[in-house]
1. What order do you get for 44-55, 206-217 when each peptide is scored by the mean count of other beta carbon atoms within 10 Å, highest first?
2. In what sequence do 272, 69 fall when counting other Cβ within 10 Å, fewest first?
3. In whole percent, what relative contact order does region 60-147 give with Cα contacts below 8 Å and a gap of six or more residues?
4. Would you please give the residues with an amide H less than 5 Å from that of residue 16, counting only those at least 5 places away or on a separate chain, with H modeled from the backbone geometry?
5. For residue 196, list the lysines whose Cα falls under 19 Å from its own Cα; do not include residues on the same chain fewer than 8 positions away.
6. Starting from a Cα-only point model with no solvent, please compute log10 I(q)/I(0) by Debye for the chain at q = 0.08, 0.09, 0.12, 0.13 1/Å.
7. Does region 259-455 come out rounded, prolate or oblate, given a ≥ b ≥ c as the square roots of the eigenvalues of its C-alpha gyration tensor, rounded meaning a/c under 1.5 and, failing that, prolate meaning a/b above b/c?
8. If each residue's Cβ is checked for other Cβ atoms within 10 Å, how do 320, 239, 379 rank with the fewest at the top?
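Throughout, read-outs are computed from the coordinates displayed, never taken from laboratory work. Every value quoted in this text rests on a predicted model; they were computed, and no experiment measured them. Virtual Cβ from ideal backbone geometry, glycine too; neighbours counted across all protein chains shown.
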Amino acid sequence: MLFRGLAGMNGVEVIGLLQSSNLVAEPGLPMRRGLREPGLTNEAVIDRQSRVVVSLQQGPASHRLENVRRRLLRFAGPMFAALGSLLGRQVKIWDFDPQHFRDFLWRSLFANSLPDSDLELVTSRAFRVLRWPWSILHAFGVVSAQFGRAVYPRLDTAGIDVMLVETPYPARVSAATKMVVRYHDAIPLLMPHTIKDRGYHRAAHYQALRRNSRDGAWFACVSEATRRDLLSVMPELASRTVTIPNMISHHFFLEATPATRVPEVIWSRKSRWAPNEGGAAIAPSELAAGGSLPYLLIVCTVEPRKNHLALLDAWELLRSEGFHQLHLVVVGSLGWNNDLIMRRFSPWLHRGGLHLLEDVPATDLRLLYRHALATVCPSFGEGFDFPGVEAMRCGGVVAASDIPVHRDVFGDACEYFSPYSAGDMARALHAILDEGSGVRRAELVAEGARVSARYLPERILPQWQEFLRNVVAAA
């Protein structure tokens, strides 16, 4: 979405960077001083770019020698690129002409986030190729830090004014280029007990962040709470940090849809991890008047930080206190360390009442947001938390854990509760589920529409334009 927004700005030339997380990309078209070198025939140009496309797709090697070559390149390439930076060498960035490869670019990078009307705009931009995967660059930074200094490659970014990266980035840029880090959260540093492979990911985040900071990078934080967290770690960054919230997708808006479609969506999007027997269908006795289903909704990866267990306890408490037909709909893929959560889910998945869904398209998710009695965001820590804002855009009611980021992003547009108390969560939900809660629900819907409008592209993109102008103008 940000790529599309910047591509539509006057005075901004956007260039996309093709880089895999774990695959080595084939070289694209050679460049010198930021310009493509002439000399290749048309068929050679097509062949080289076609090889780039293939290399960026996960797949088996065509033969044993190719498999050996891939393995050697995956580790030796990033290692020599990083070590070369100690000698003043820069890593080549290759050109990629999108003319014949728009289908690949669109369906690989943009189709899930943008309307098809944006196809021409985003696939007609210039693109570059960086061969070495960022996961291996991170790994080499972590390993080299054990010897006293984290080493990262320096990229040849000639002709580029600003390089905008997602999260602390395991590379350096040319002296004339400014790096901007889109900083999502400091959870790997401040809540390391809640992340996967905590020792490694904490070190990778910290070492890259430290290098970016010392190189003079700027940081665009997704929320003011995230910015405060970053400055609590590195207060010296105060003059190089701003808060620019995330943008809400065009997929989420208020839509007049029948609530009677909800059971069909739940049945058709059932997770492959849910049991095949029992609970597969919703009994007519579980439906409210008019055939609708009363349910709470949570949308996030199933992992401990998201606090599913407290929500499950609160839901069971509500069912015992009079909301006997209340269902719980969980949308999200299985994350790390979910064994305890799934053990608690299992009896309800067999019996019915709790529904685990995955691969839910935006059209169905919009419906679920719209008709949920509440979308619950119970997490212990976040950087922004999209589902709450998405639910508000769809006319839904939101209840959220009382953590700084939710206060910053949601404002007064939701009912708050302590993430450490299932009883307090049940209390907050009771306040918006009770028969006499109509006035409160109407207030939350109205305030949600106002608050979520802050994150529309037309409100966010001018902030990016001003920020980038200031970055380029800075000495």
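1. 206-217, 44-55
2. 272, 69
3. It comes to 39 percent, rounded to a whole number.
4. The list, which skips near neighbours in sequence, is 126, 127, 128.
5. Counting by Cα, and skipping residues close in sequence, residue 196 has these lysines nearby: 306.
6. Taking Cα atoms of the chain as identical point scatterers yields -0.55, -0.70, -1.16, -1.30.
7. rounded
8. Final ranking by Cβ density, sparse to dense: 239, 320, 379.
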